[in-house]
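The values are calculated or read from the model by the stated rules, or taken from the named source; none is laboratory data. Worth saying up front: this structure is predicted, and the values here are computed from it rather than measured. Here the Cβ positions follow ideal geometry from the backbone for every residue, glycine too, while neighbour counts run over all protein chains shown. With ligands, DNA and RNA removed, areas are computed over all heavy atoms of the protein, side chains included. Shrake-Rupley method; radii C 1.70, N 1.55, O 1.52, S 1.80 Å.
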Amino acid sequence: QVEWLKNEEPIDSNLDENIDTRADHNLIIRQARLSDSGNYTCMAANIVAKRRSMSATVVVYVNGGWSSWTEWSNCNARCGRGWQKRSRTCTNPAPLNGGAFCEGMSVQKITCTSLCPVDGNWEVWSEWSVCSPECEHLRVRECIAPPPRNGGKYCEGLSQESENCTEGLCIQDKKPLHEIKSQNIETASDIALYSGLGAAVIAVAVLVVGVTLYRRSQSEYGVDVIDSSALTGGFQTFNFKTVRQGNSLLLNSSMQPDLTVSRTYSGPICLQDPMDKELMTESSLFNPLSDIKVKVQSSFMVSLGVTERAEYHGKAHSGTFPHGNNRAFGTIQARNKATYIQNLSSISTTSELKTTAIFGHLGGRLVVPNTGVSLLIPHGAIAEESSWEIYLAITQKESSLQPDGTDVLLGPEVTCGPSDLSVSTPFALTIPHCAEVNSEHWNIHLKRRTPQGKWEEVMSVEEETTSCYCLLDPYACHILLNSFGTYALIGEPISDCAVRQLKVAVFGCLSCNSLDYNLRVYCMDNTPCAFQEVVSDERLQGGQLLEEPKLLHFKGNTFSLQISVLDIPPFLWRIKPFTACQEVPFSRVWCSSQKPLHCAFSLERYTPATTQLSCKICVRQVKGHEQILQIQTSILENERESITFFAHDDSNFPAQMGPKAFKIPYSIRQRICATFDTPNAKGKDWQMLAQKNSINRNLSYFATQSSPSAVILDLWEARHQHDGDLDSLACALEEIGRTHSKISDITETEIEEPDFNYSRQNGL
């Protein structure tokens, strides 16, 4: 007797028409169904013994199918340009047992333009109508100038107006109207008379008070500055009239003060010509201005008037007027600074940001030191018994990619090659960026330069494609590619809330004049390569970093950037006129094309004995984010404290070949791939591995690869090149149910194990 078992249960072909047991004892399944998956065993028996065949596993694959598209969402912009999207899911049916994932895009986005609402407005009143028997006439108006459109507000107020048309002479009920209302008219006349008298009295009182205050303010002027013909180099000697007695706020008449702006007030003065909005450069700020008249009042108000130019006014903070010359300024104690990973001195000063190395079948990693740019060549991407010299470079000259309109170049222009090298599996290119990642505010594109020098779009970061893959982290974009070339990231702001992250850094150095000290404030993209370029330039000029750089969130809302110097110690330092505050137009900051923006300030010591400088640098966007950098340093080289900053020190290992370049041991990597690439009835395959590693978009790209798990692990290697957080990967694998230990504790002895039964003590 011969019978078939499914999952150790006998099969009865009489109960299932889809299964046929033939006379030759073969089992025929006419049409594969999902319920037919299982382990099938043939068993033969007679009165002597039983024999069982080896089990045959039948896995019914179900390929995924797209659901219908949802309706297009509403335009996200209430007025003007925005975007709308629709989506679909791979659930009709969902892929099972390793079936193919749906091909194509799961999300579609299109731009849209919403009509701006127009509020209604009244037209002019019509002419008065003919007087009616009721002694009234009417006039009307309509809300049609313009009428409300696109959800705009309707006009406020009355659409019809009426009034008496006979001036009280109309006869009603056989009595003159003026007799009926005579009492009311007399009352109204009295009110008008008394109101007029009261207004006249108040006006006279205000006039008397104003004249009195004006005379008193004129009598309290403590200092009158005589006309000066020029301010050579920003400083000028002034002549003073005799100080009036009885005013405690005025300087001693026997003293000859030096009124060099910052001597008499500590607050910044922002000077901006309303007829010329261009940024005042350092050269124009230090040029002497002819025909300047300065008037200093005891109320601490400083007014600067320039002949034939607009008048400027700046108010100093109260309480900053000097009360004497005996104020001491002690040595400033150095602050306790946190320990960071890399010192400023380790930044490379080479003008060639390029790294080359020879790679073979084992793969490796190539890094441009201290720039955040790296290239990962996976194991097996290059054919066996062949090797290539691969290079990675950053374009330092101005990029040939000129964004359109308000589009922004978000990171460096990166070139990898050689271009004729073909790889069998995708390599990972990491490019830093300066955008605050938010799909509601940014639409980020990857572009590539053609051999003819033109730029073409490769993909949008949000796009679903199988040609390449982009994963956007907060500070870098990791790209999986199959061809070498020159690439760059472009950001298209969708709303005014799009944020470009700027790093603010302050450098200082002594000038040729030993009494002068120069402060240079830089606003650059928040990328390591932009900061390295600034450090290299400053090193050539002898500049020193004075404070840890800070992050400024600069919004695309068209408001300008202001940089000012605050709280300069009086009697010790002074700043040249017109340089305490500088304003930079929005367009120059937003469309800087990777060139760092910097403003210079020149301070002068009163005596060479002053060696300590303490002040604040305020960098703020109008109606936006603000950062204040506290400067507290010695201007002498041997006394200055070294300022460190956050960075990853990869200058010692620009190229790593073979197993040393990867965080995951190759044998463990092979086991993970073998485990997750194999279809599983419970759905615990490479798709779950991607999900646990925060890869939830464009899974169709991985489905087209020969080993999806290997590509996912390559992406993990690119994202964790500095931390190598194997514990987080182990936790992800443990959640899936495939591992129960930490990868970081792996040993070579345990790698030889043939199965996946490990404990937390023994490793994966």
Scanning region 537-581 residue by residue, those open to solvent by 20 Å² or more (accessible area, probe 1.4 Å), farther than 19 Å from Ile631 by Cα and of a type in the set (A, V, I, L, M) turn out to be Leu540
List every residue pair whose Cβ atoms lie under 8 Å apart, where the two residues are 6 or more positions apart in sequence or sit on different chains, the first residue falls within region 46-64 and is touching a residue at least 60 places away in the same chain (Cβ under 8 Å), and the second residue, located anywhere, is open to solvent by less than 100 Å² (accessible area, probe 1.4 Å) and not aliphatic (A, V, I, L, M). Val59/Ser37; Val59/Asn97; Val59/Gly98; Val59/Pro679; Tyr61/Asn97; Tyr61/Gly98; Tyr61/Gly99; Tyr61/Pro679
Report, by residue number, each residue of region 389-410 that is crowded, with 22+ Cβ neighbours inside 10 Å and over 24 Å from Gly363 (Cα atoms). Val408, Leu409, Leu410
Looking only at region 421-428, decide whether some residue is part of a strand (DSSP E or B) and surrounded by 20 or more Cβ atoms within 10 Å (Cβ to Cβ). yes
Single condition Ser602 does not satisfy, out of (1) in contact with a Lys or Arg (Cβ under 8 Å, 6 or more places away or on another chain); (2) closer than 30 Å to Pro403 by Cα; (3) open to solvent by less than 30 Å² (accessible area, probe 1.4 Å): (2)
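With respect to Glu413, determine if the residue is of a type in the set (D, E, K, R) and either open to solvent by 40 Å² or more (accessible area, probe 1.4 Å) or closer than 22 Å to Leu699 by Cα (or both).
Working: of a type in the set (D, E, K, R): yes; either open to solvent by 40 Å² or more (accessible area, probe 1.4 Å) or closer than 22 Å to Leu699 by Cα (or both): no.
Spelling it out, it is not the case that Glu413 is of a type in the set (D, E, K, R) and either open to solvent by 40 Å² or more (accessible area, probe 1.4 Å) or closer than 22 Å to Leu699 by Cα (or both).
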Does at least one position in region 478-491 carry a residue that is aliphatic (A, V, I, L, M) and open to solvent by 20 Å² or more (accessible area, probe 1.4 Å)? no
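Hey, can you tell me all the residues within region 453-497 that are among the β-branched types (Val, Ile, Thr), within 29 Å of Phe101 (Cα to Cα) and part of a strand (DSSP E or B)?
Within region 453-497, the first condition is being among the β-branched types (Val, Ile, Thr), and the residues that meet it are 458, 461, 465-466, 479, 486, 490, 494.
From the residues that got through so far, the ones that are within 29 Å of Phe101 (Cα to Cα) too are 458, 461, 465-466, 479.
Correct list: Val458, Ile479.
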In region 683-737, the residues that are assigned to a helix (DSSP H, G or I), open to solvent by 30 Å² or more (accessible area, probe 1.4 Å) and either assigned by the TED database to the domain that holds Val461 or more than 24 Å from Met459 (Cα to Cα) (or both): Met688, Lys692, Asp727, Ser728, Cys731, Glu734, Glu735
